[in-house]
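Enquirer: Let me begin by handing over the structure; questions about it come next.
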Amino acid sequence: MVDAIDPLFDVAPPSLARSGAIRLEELRSWQPVLQTLMGLRGIFSETYQLLTAPIAKVLDNWFESEPLKASLATDGLIGSTLGPHDGGTGYVLLHHVMGCLEGRKGAWAYVEGGMGAVSETLAKALRELGGEIFTESEVEKVTITNGKANGVQLKSGQAIQSKLVLSNATVRETLLNFVPAQTLDSSLLTQVKNIDYKSPVVKINVALSRIPNFAKTGDGTVQPHHRTSVHLNCETMEVLDAGHRDFVAGRVSTFPMIEMVIPSSLDKTLAPAGGHVALLFIQYAPYAVTVNWSQQQRNDFAQKVFKQIDDYAPGFSASVVGYEVLTPDVLEKTFGLTGGNIFHGGLSWDQLFFARPLSNMTGYRTPVDGLYMCGSGCHPGGGVTGAPGRLGAAAAIKDLKSGRL
């Protein structure tokens, strides 16, 4: 199943004109889809169910152990406002096992030096090619002349001219805040405003004086389980569902699901000798609630989470030497993630593939000539794959070479 679907992550969604004659290029763009359908022969019905069914139903068909099912279900819920009994959560789980890393299908890995090392590597490559990077330089707007993007203007007043512009900000941020409203069709603007950016995720980055003692008999050394994804508050599907019901009712989950990774268990560059770094994904927490929190309320929430982790790893709270709490509203303000959504828009079926970012703006070209999208709001969506950027750049290069721009 993964082998058949995975190639679609590396190609732009197919195109088909709404009217007029069908061009050969449009027909060719459907070839990867047809190849995927051929690869799903014999398992199409099972694939369809996985893509559309609630994750609870999918896992019930395969497993008996409640802790195992609930733990696996968290990867079908992370970053989503849906619960385990909501349709479409099966796809979110599938999304997390796509891709390949160093020849291992579905593998995940830590980046040595932290995720910032990815940005530094890309920046180094750009500079070596003669590129220039502006930091602490907030964009005011995309400059447009005669319907074509020809640069950006910074809030400092500086104007930067270019043949084209690629934006990896969210689609809403780009088209509503950077592009003059009169430039775009009103029906398109309505669709942009209605993109689902809701997020239930709170991120807490924690500095620890020692490795968490989950085994309760540990000697302070790193064990194999420290190098995995650790799932807490997910002993049963009911625990997950109760947390989701709290969210639907407009409350922060009493027992939020917690996903922890400890990258310092492998990467010694992240912490001093004996110390460690734990990264926590926690949900569900409504934006409408956290946006009104004071710093003290964010700290209180973190302390509540740490005490719940104490039930699994005694002494965790006492080992905390520092932390930062990134609620949905803080993620939005700090990183420009609309709604705090880590995927640049929900991974629901109405916002995937043909309909990502919009049903009438498939792919990476915007209605403004010379303006392209290249962020996770485009196909194939969130995750550190680089695919939206590569495919967005490919669309821009194609148009440059063809003389369209």
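Enquirer: Taking only protein heavy atoms and a 1.4 Å probe, what accessible area per residue, in Å², does the range 357-405 have with all protein chains in place?
Expert: Value for the range 357-405: 39 Å² per residue.
Enquirer: Rounded if a/c is under 1.5, else prolate if a/b beats b/c, else oblate: with a ≥ b ≥ c from the C-alpha gyration tensor eigenvalues square-rooted, which is the range 193-259?
Expert: Prolate shape, in that a/c is at least 1.5 and a/b is the bigger ratio.
Enquirer: Roughly how many Å² is the accessible area per residue of the range 30-86, as a whole number, for a 1.4 Å probe?
Expert: Here the per-residue accessible area is 54 Å².
Enquirer: Enter the accessible area of residue 1 (Å², nearest 10), with the probe set to 1.4 Å and all protein chains included.
Expert: 70 Å²
Enquirer: Please name whichever of 53, 72, 37 sits farthest to the positive end of the charge dipole of the range 1-103, dipole taken about the Cα centre and charges placed at Cβ: Lys and Arg +1, Asp and Glu -1.
Expert: Of the candidates, 37 comes out farthest on the positive side.
Enquirer: Additional query: Binning every alpha carbon pair distance of the range 57-181 at 10 Å from zero, what are the percents per bin?
Expert: With 10 Å bins starting at 0, P(r) equals 10, 24, 24, 23, 14, 5, 0.
Enquirer: Taking the range 238-285 on its own, what percent of its Cα-Cα pair distances exceed 17 Å?
Expert: The answer is 48 percent, as a whole percent.
Enquirer: To the nearest 20 Debye, how big is the dipole of the range 163-273 about its Cα centre, given +1 on the beta carbon of each Lys and Arg and -1 on that of each Asp and Glu?
Expert: That gives a dipole near 320 debye.
Enquirer: Further, regarding this structure: Of the heavy-atom accessible surface of the chain (probe 1.4 angstrom), what whole percent is carbon and sulfur?
Expert: C and S fraction of accessible area: 56 percent.
Enquirer: If contacts are Cα pairs under 8 angstrom and at least 6 residues apart, what is the relative contact order of the chain in percent?
Expert: Dividing the mean separation by the residue count of the chain yields 18 percent.
Enquirer: Oh, and also: Step by step: find N for the range 51-108, compute 2.2 N^0.38 Å, then divide the Cα radius of gyration by it. What's the final number?
Expert: Ratio of Cα Rg to 2.2 N^0.38 Å: 1.14.
Enquirer: What does the accessible area of residue 323 come to, in Å² to the nearest 10, when a probe of 1.4 Å is used?
Expert: Its heavy atoms expose roughly 80 Å² to the probe.
Enquirer: Only Cα pairs within less than 10 Å get springs; with that Gaussian network setup on the chain, which residue of 168, 213, 61 has the largest fluctuation?
Expert: Among 168, 213, 61, the largest GNM mean-square fluctuation belongs to 61.
Enquirer: Then there is this: Can you show me the helix-derived [θ] at 222 nm for the chain, built from DSSP H runs with n ≥ 4 at -39,500 (n - 2.57) apiece and divided by the number of residues, rounded to the nearest 500.
Expert: -9500 deg cm²/dmol, from helical runs alone.
Enquirer: If you don't mind, another one. At q = 0.06, 0.08, 0.14 Å⁻¹, work out log10 I(q)/I(0) for the chain with the Debye formula, treating every Cα as an identical point scatterer and leaving solvent out; two decimals please.
Expert: Listed by q, the Debye log ratios stand at -0.27, -0.48, -1.42.
Enquirer: Regarding the range 167-312, what's the average projected area of the Cα-atom convex hull, expressed in nm²?
Expert: Directional mean of the projected Cα hull area for the range 167-312 stands at 12.2 nm².
Enquirer: Top to bottom by accessible area (1.4 Å), largest first, where do 349, 62, 30 land?
Expert: 62, 349, 30
Enquirer: Could you run the Debye sum over the Cα atoms of the range 237-395, one equal point scatterer each and no solvent, and tell me log10 of I(q)/I(0) at q = 0.09, 0.19 Å⁻¹, two decimals?
Expert: Values, matching the q order: -0.41, -1.23.
Enquirer: Could you sort 354, 44 by accessible area so the largest value comes first, with the probe set to 1.4 Å?
Expert: Reading off the accessible areas and sorting them downward yields 44, 354.
Enquirer: In nm, to one decimal, how far is the modelled label at residue 148 from the one at residue 194, with both set 7 Å along Cα→Cβ?
Expert: Spacing of the two 7 Å Cα→Cβ label points: 3.3 nm.
Enquirer: Another question about this same structure. First measure r as the distance between the Cβ atoms of residue 291 and residue 60, then evaluate 1/(1 + (r/R0)^6) with R0 = 30 Å and state the FRET efficiency to the nearest 0.05.
Expert: Calculated transfer efficiency: 0.25.
Enquirer: Kindly give the semi-axes, whole Å and largest first, of the ellipsoid equivalent to the range 123-210, taking each as the square root of 5 times a Cα gyration tensor eigenvalue.
Expert: Listed largest to smallest, the semi-axes of the range 123-210 are 29, 24, 11 Å.
Enquirer: Could you tell me what a quarter of the Cα convex hull surface of the range 159-215 works out to, in nm² with one decimal place?
Expert: Spelled out: convex hull of the Cα atoms, projected over all directions, averaged, 8.5 nm².
Enquirer: Protein chains only, probe 1.4 Å: how do 152, 202 rank by accessible area, largest first?
Expert: Highest to lowest solvent-accessible surface, that is 152, 202.
Enquirer: How much accessible surface does residue 198 have with a 1.4 Å probe, in Å² rounded to 10?
Expert: Counting only protein heavy atoms, the figure is 120 Å².
The values are calculated or read from the model by the stated rules, or taken from the named source; none is laboratory data. A quick note: this is a predicted structure, and the numbers were derived from the prediction, not measured. Backbone-built Cβ (ideal geometry, glycine too); neighbour counts: all protein chains shown. For accessibility, only protein heavy atoms count, side chains too; no ligands or nucleic acids. Shrake-Rupley method; radii C 1.70, N 1.55, O 1.52, S 1.80 Å.
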